[in-house]
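For reference, the structure discussed in these notes is given below.
Readers should treat all values here as calculations from the given coordinates under stated rules, not as data from a laboratory. Every value quoted in this text rests on a predicted model; they were computed, and no experiment measured them. Cβ sites come from the backbone with ideal geometry, for glycine too, and all protein chains shown count toward neighbours.
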Amino acid sequence: MLHAALPSPTAPSVSGATSVAGQLLIATPALSGPPFERAVIMVAQHDRNGALGIVINHPLGERPIAGLLQAAGADSSGVKGNVQLYLGGPVDPQAGFVLHSAEYHGDNSLDIDGRVALSNGVQTLRDIGLGKGPRQSLVAFGYAGWAPMQLDNELRQGVWNIIPEDPALVFEDDRAKVWNDAMARYKPN
C-alpha cells in the first residue's frame with residue numbers, strides 16, 4: 001500500500017506519433033461500464049513501453065491520513081487530517097499514488113508537465129498530514145495502464161478524447177462535474 005514503482009522520467013521515445021503524457025483523457029460514451037465509464041484520466045507517462053495514468057473523478061471516500069500511514073507501516077506521529085481517496089484505475093488497486101501540484105518535489109516524484117507531478121511514497125502523504133506537502137493533491141489507489149501501443153490503438157479507435165491538462169480541472173473541480181466539464185472543453189480536430 002502506497003508503495004508502487006513510478007515510470008522512469010527518462011523513458012525512451014514515444015510509442016506512436018505523439019505522446020499524450022501531461023494531457024487528460026476523457027472516456028467517450030463508447031466506454032460504457034466499469035472501470036472507465038465517464039472517466040477522466042491524467043496521463044503521467046506515454047512512451048514506447050506503454051502508458052500510465054490516474055483516474056481523477058472516481059472517489060472512494062474520505063479516510064484519516066494517520067490511518068493510511070499506519071496501514072502502510074509508516075510513522076503517523078503528528079499527522080492530522082483526512083484525504084479523499086480515488087480509484088486511480090483497475091491496475092494494482094493496492095498501490096497508492098499522490099497526484100499533486102509540481103511545486104512539491106519528494107524523493108519519489110515524477111514531474112509530469114511542470115504543473116502536475118506524481119509521487120508514490122508514503123513520505124508525500126505524511127508531508128500532507130504534517131502541513132508541508134503539496135498545495136494541491138489527489139490520493140489514488142490503483143492506476144490505468146496500457147501495454148505498448150495499446151493506448152495508441154484506443155486513440156485511433158476514438159474511445160478517448162484528449163484535452164490539455166488544467167490543474168483547476170484536476171484538483172479543484174467538483175468531482176461529480178469533472179467528466180461534463182472536461183467534455184465541454186474538448187474540441188474535435
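Data for the structure
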| read-out | value |
| --- | --- |
| CD proxy at 222 nm, helix term only [per DSSP H run n ≥ 4: -39500 (n - 2.57); per residue of the chain; nearest 500] | -4500 deg cm²/dmol |
| Estimated dipole of segment 23-185 in Debye, rounded to 20 [Cβ of Lys and Arg +1, of Asp and Glu -1, Cα centre] | 240 |
| Long-range HN-HN contacts of Ala102 with modeled amide H, under 5 Å | Val116, Ala117 |
| The chain: translational diffusion in µm²/s, Stokes-Einstein, Kirkwood Rh over Cα pairs, 10 °C, 1.306 mPa s | 96 |
| Proximal lysines to Lys80, defined as alpha-carbon separation beneath 29 angstrom and excluding residues fewer than eight positions away on the same chain | Lys132, Lys177 |
| Net charge, Leu151 excluded, C-beta distance under 12 Å - Lys, Arg +1, Asp, Glu -1 | -1 |
| Distance in nm between pseudo-label sites at Asn189 and Asn82 (7 Å out along the Cβ direction from Cα) | 4.5 |
| q = 0.15 Å⁻¹, segment 37-110: log10 I(q)/I(0) [Debye, one scatterer per Cα] | -0.64 |
| Gain on full stretching of the segment that runs from Arg175 to Glu62 - 0.36 nm per residue minus C-alpha separation | 39.3 nm |
| Length released on extending from Asp111 to Arg48, taking residue separation times 0.36 nm less the Cα-Cα span | 20.8 nm |
